[in-house]
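Trainee: Handing you a structure now.
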Amino acid sequence: MHLGLSALLEFYQAHREDDALILGTVIATEGSTYRKPGAMMLIASDGSYRGLISGGCLEADLALRAEQVFASGETLDVCYDMSEGDDFAWGLGLGCDGSIHLMLQRLDGNNGFGFLETLHKAWQTRRGGMLTLVTASTTATYPSGCFYLDCGPGFRACEPESLQELEFPTSPLSSGPQDRSRRFRQETADTTDGKLNLLLVPILPPPVILICGAGHDAVPVARLAVEMGWDCTVVDHRPGYARTERFPDACTVHQLQPDELNTLIRLDDVDAAVLMTHHLGHDRNYLSQVVKADISYVGLLGPRARRDRLLDEIDARNIHVHGPAGLDIGAEMPESIALAIVAEIHAFLNQRDGSMLTRSGV
């Protein structure tokens, strides 16, 4: 589940000297809403904020409500109900016909900003985990806003500490290959003196995409991947192509020989690899290495016959490779081909088929 955590943590880093920040979390929705439970935003005392919990319509109003939470320190529940057209009364005019429930909680700097500091450290090391938030409670021991973040040993945060002693209905996620189709879960837990409503949110680092080949058509693929918030690495043996200035700043570029890929790049950390050297020998060399790694998606440019030939040559005909890579959107130019490839990777990692929403009835 992609929560936009990279942007939130950048905002957190920029406000580490603040006394406190307000975390807004979508905890429940009904009907049609822009975001689902687990979506978050951070609000600073100067009214600035980062993160989307709607299409940009509710954030400014939440920033105003956050002033109350800054002052009181008390967790605040907020509900926007558009199911009866009430949004027009607010001047929002969303017309979404849904309702969204949020929890605003104060995270104090003298307490590590709740779980943010631990999450930041886990994010830097690409550790996945589970965030458990108490969204409603009948006991004063664990009021709304309590949390338990578990990203493995050394990356745990809990408030209060005794919360981690409870038997949660879902165990924290382990490190390793992640199922990015997983979404939030809402559960209940019993304590000795009451009941808790819990929101369990998988914490997954951004996907890692590897682009083998740094030609002109690789540039828009890298650009879109970076704009999606993915970690993007490009490799090529040609010094004229493997130049950092040709790619977005957030993209890592390596000049290496194709047979050096497995020794210089940690392929087991890669979620998706796209082979686009336009050279049979180089693609064969890259393909022989990536199919041996634990990579969820492998895409290859060119027709099916070319894909089958390469798989035969490396004795890997039983390995599924997406070739031609990309969704069928009528792409011809590099930018539209890049869109087709990135869209297919996104759909595949989220276990979707990439069909039109109007046809699927969603």
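Trainee: Order 55-65, 326-336, 233-243 from most to least packed using the mean count of other Cβ atoms within 10 Å.
Mentor: 233-243, 55-65, 326-336
Trainee: Pull up all non-local amide H partners of Gly323: gap of 5 or more, or a different chain, and H-to-H distance under 5 Å with H placed in the peptide plane.
Mentor: Leu300
Trainee: Report ³J(HN,Hα) in whole Hz for each residue of segment 208-223, in order, from the Karplus equation J = 6.51 cos²θ - 1.76 cosθ + 1.60 where θ = phi - 60°; Gly and Pro get x.
Mentor: 9, 10, 10, 10, 9, x, 10, x, 4, 7, 7, 4, x, 5, 5, 4
Trainee: Further question: Quick one: His279, His101, fewest Cβ neighbours within 10 Å first, how do they rank?
Mentor: The fewest-first ordering by Cβ neighbours comes to His279, His101.
Trainee: From the phi of every residue in segment 126-138, what ³J(HN,Hα) in whole Hz does the Karplus formula 6.51 cos²θ - 1.76 cosθ + 1.60 yield, where θ is phi - 60° and glycine or proline is x?
Mentor: Here the 3J(HN,Hα) series is 6, 9, x, x, 9, 9, 10, 10, 7, 9, 7, 8, 10 Hz.
Trainee: Next question. What's the FRET efficiency of Asn111 with Gln13 using the Cβ-Cβ distance as r and R₀ = 25 Å, to the nearest 0.05?
Mentor: 0.90
Trainee: Next up: For the chain, what proportion of DSSP beta bridges, expressed in % and rounded to the nearest 5, is antiparallel?
Mentor: Roughly 70 percent of the DSSP beta bridges within the chain come out antiparallel.
Trainee: Please compute the length gained on full extension between Asn262 and Arg185, using 0.36 nm multiplied by the number of residues separating them and subtracting their Cα-Cα distance.
Mentor: Length gained between Asn262 and Arg185: 24.0 nm.
Trainee: Tally Lys/Arg at +1 and Asp/Glu at -1 over every other residue whose Cβ is under 14 Å from the Cβ of Lys195; what's the total?
Mentor: Combined, the nearby Lys, Arg, Asp and Glu give -4.
Trainee: If R₀ is 35 angstrom, what is the calculated FRET efficiency for the pair Met228 and Leu280, using the beta carbon separation as r and rounding to 0.05?
Mentor: Approximately 0.75, to the nearest 0.05.
Trainee: Show me the ranking of peptides 5-15, 32-42 by mean Cβ neighbours inside 10 Å, starting with the highest.
Mentor: Answer by packing, highest mean first, reads 32-42, 5-15.
Trainee: Tell me which residues come under 5 Å, amide H to amide H, from Gly98 once H is placed; ignore anything under 5 positions away on its chain.
Mentor: Close amide H contacts, sequence-distant or interchain: Ser32, Met82, Ser83.
Trainee: With θ set to phi - 60° and the Karplus curve 6.51 cos²θ - 1.76 cosθ + 1.60, what are the ³J(HN,Hα) couplings of segment 188-198 in order, to the nearest whole Hz, using x for Gly and Pro?
Mentor: 10, 9, 9, 10, 5, 10, x, 10, 10, 9, 10
Trainee: Estimate the FRET efficiency between Leu64 and Ser336 by the formula 1/(1 + (r/R0)^6), using the beta-carbon distance for r and 51 Å for R0, to the nearest 0.05.
Mentor: Once the sixth-power term is evaluated, E becomes 0.75.
Trainee: Taking square-rooted eigenvalues a ≥ b ≥ c of the alpha carbon gyration tensor, is segment 208-349 rounded, prolate or oblate, where a/c under 1.5 means rounded and, failing that, a/b exceeding b/c means prolate?
Mentor: Since a/c stays below 1.5, the shape of segment 208-349 is classed as rounded.
Trainee: Rank the residues Val134, Val290 as a footprinting-exposure proxy: fewest other Cβ atoms within 10 Å of their Cβ go first.
Mentor: Ordered from fewest to most neighbouring Cβ atoms within 10 Å, Val134, Val290 come out as Val290, Val134.
Trainee: Okay, moving on. I want to make sure I understand the PRE zone here: with the label point 7 angstrom from the Cα of Arg126 toward its beta carbon, which residues in segment 230-252 have backbone N atoms less than 18 Å away?
Mentor: 230-236, 250-252
Trainee: Can you show me the helix-derived [θ] at 222 nm for the chain, built from DSSP H runs with n ≥ 4 at -39,500 (n - 2.57) apiece and divided by the number of residues, rounded to the nearest 500.
Mentor: Value at 222 nm, helices only, nearest 500: -7000 deg cm²/dmol.
Trainee: Return Asp190, Asp81 ranked ascending by Cβ neighbour count within 10 Å, so the fewest neighbours appear first.
Mentor: Least crowded to most crowded, the residues run Asp190, Asp81.
Each reported figure results from applying straightforward, stated rules to the coordinates on display, with no laboratory input. Predicted model, so just to flag it, every value in this text is computed and none were measured. Cβ coordinates were reconstructed from backbone atoms using ideal geometry, including for glycine residues, and neighbour counts include every protein chain displayed.
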